[in-house]
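Undergrad: This is the structure, below, for whatever I ask next.
The values are calculated or read from the model by the stated rules, or taken from the named source; none is laboratory data. What you are looking at is a predicted structure, and each value in this text was computed from that prediction instead of being measured. Virtual Cβ from ideal backbone geometry, glycine too; neighbours counted across all protein chains shown. In case anyone asks, the SASA skips ligands and DNA or RNA and just uses the protein heavy atoms, side chains included. Shrake-Rupley method; radii C 1.70, N 1.55, O 1.52, S 1.80 Å.
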Amino acid sequence: MTVILTARNFEKGQSATRLLKDKGIDISFYQLDVSNDNDIKNISLQIEQQYGRLDILVNNAAILYDSWQEATDADLQVVNRALETNLFGPWRLCQVFIPLMKKNRYGRIVNISSGAGSLTYMQGGAPAYGISKVALNALTRKLAFELRGTGILVNSVDPGWVATDMGGHGGRPVKEGAKGIVWAATLPDGGPTGGFFYDGKPEDW
C-alpha cells in the first residue's frame, strides 16, 4: 500500500514520514487540520489528482480527553472544540472521499473510537471526549447503512488505552493498539460494516 500520513504540525509530520520511509514504507505526507475546511478541500483534490483513488480512510484525529470536568458543569466551548475535531472532522473527510470510493466501488472507512464512546460502559467524567466518540459511533452506523451495496465498509474501532501523547504512559504499545485498526482497514469484500470492534471482535455499543 501507499500510505498517506497527515498531521496538523508540518515539522512533526515530515519527521514521522522520514522515519517511516527509512523503514521502507511507501509513504507521503500532507499537512491537514481536520477542523479546517480549506485543508480538507485541498487534500481531497490533491489525492484525486495524484492517485485517482483513496481505498482506505482512517479517521484518527482526536483531541481533549477532558478528565478535569464533568457533564454537570462542563465548559461547552470545550465540548464544541472536541466535537469539531472528533466528530465533524471525520464527517467532513468522509463526505469528500466517499464519492471517490464510490467511483472505484471500493472503500474502507475506519473511525477510531474509544471505550469512552460505549453507552454500555459509560460513566461520568470526560464529557466532551466521551460524547464526541458516541457521536462518531453513530456516524459510523449512519454511513454504513447508507453505503450498503457500494463496496464501502464503515466501522468504528476501539484501540484501547494506548501509550500515545494523549493516552500517556502505561497503556498498550502503539503496535498493539494499531492491530484492530489494520484489521478493519483491510477487511475483505463482504466483511462486517456498521460495527464497533476491539481487536477485531465486536464491542458493546
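Undergrad: For region 58-205, report the convex hull volume of the alpha-carbon atoms normalised per residue, in Å³, without decimals.
TA: It is 104 Å³ per residue.
Undergrad: Just from its helices, what would the mean residue ellipticity at 222 nm be for the chain, if runs of 4 or more DSSP H residues each count -39500 (n - 2.57) and the sum is divided by every residue, rounded to the nearest 500 deg cm²/dmol?
TA: -13000 deg cm²/dmol, from helical runs alone.
Undergrad: Continuing with this model, one more query. Simple spin-label model, 7 Å along Cα-to-Cβ: MET122 to ARG148 in nm?
TA: Taking the two extended label points, one gets 2.5 nm.
Undergrad: Return the subset of LYS12/LYS103; LYS102/LYS201; LYS41/LYS201; LYS21/LYS179; LYS23/LYS133 for which the Cα-Cα distance in this structure is over 31 Å, preserving the input order.
TA: Where the Cα-Cα span goes over 31 Å, the pairs concerned are LYS12/LYS103; LYS41/LYS201; LYS23/LYS133.
Undergrad: Once you place label points 7 Å from the Cα toward the Cβ at ASP199 and TRP68, how far apart are they in nm?
TA: About 3.4 nm separates the two model spin labels.
Undergrad: Hey, in the GNM for the chain with a 10 angstrom Cα cutoff, which one of TRP68, TRP91, TRP161 fluctuates hardest?
TA: Looking only at TRP68, TRP91, TRP161, the largest GNM fluctuation is found for TRP68.
Undergrad: Out of the trypsin sites (Lys or Arg not before Pro) in region 1-49, which ones are loop residues according to DSSP with at most 12 other C-beta atoms within 10 Å?
TA: Passing sites in region 1-49 are LYS23.
Undergrad: When only Cα pairs under 8 Å and 6 or more residues apart are kept, what is the percent relative contact order across region 103-193?
TA: Relative contact order, region 103-193: 33 percent.
Undergrad: How high is the relative contact order of the chain, in percent, with contacts defined as C-alpha pairs under 8 Å that are six or more residues apart?
TA: Once normalised by length, the contact order is 18 percent.
Undergrad: Further question: Under a 5 Å amide H to amide H cut-off, with H placed in plane at 1.01 Å, what residues pair with TYR198 once short-range neighbours are removed?
TA: Under 5 Å from the amide H of TYR198: ASP158, GLU203.
Undergrad: Next up: Of the DSSP beta bridges with both residues in the chain, give the percent that are antiparallel, rounding to the nearest 5.
TA: For the chain, the DSSP antiparallel bridge percentage is about 10.
Undergrad: For LYS179 and GLN14 in the same chain, what is the full-extension length gain: residue separation times 0.36 nm, less their Cα-Cα distance, in nm?
TA: Gain on extension, LYS179 to GLN14, equals 57.0 nm.
Undergrad: Report, in debye and to the nearest 20, how large the dipole of the chain comes out about its Cα centre when Lys and Arg carry +1 and Asp and Glu carry -1 on their Cβ.
TA: Result for the chain is approximately 740 debye, rounded to the nearest 20.
Undergrad: Which residue, ASN137, VAL79, GLY124, has the largest displacement toward the positive end of the dipole of region 22-142 when charges sit on each Cβ (Lys, Arg +1; Asp, Glu -1)?
TA: Going by the charge dipole, the pick is ASN137.
Undergrad: Roughly how big is region 52-113's charge dipole about its Cα centre, with Cβ charges of +1 (Lys, Arg) and -1 (Asp, Glu), in debye to the nearest 20?
TA: For this selection, approximately 780 debye.
Undergrad: With equal scatterers on the alpha carbons only and no solvent term, can you work out the Debye log10 of I(q)/I(0) for region 8-143 at 0.14, 0.16, 0.18, 0.19 1/Å?
TA: So the normalised log intensities work out to -0.74, -0.91, -1.07, -1.14.
Undergrad: Just the accessible area per residue of the chain, please: how many Å² with a 1.4 Å probe?
TA: Averaged over the residues of the chain, the accessible area is 56 Å².
Undergrad: A follow-up question, please. Relative contact order for region 1-111 using alpha-carbon pairs under 8 Å, separation at least 6, rounded to a whole percent?
TA: Value for region 1-111: 28 percent.
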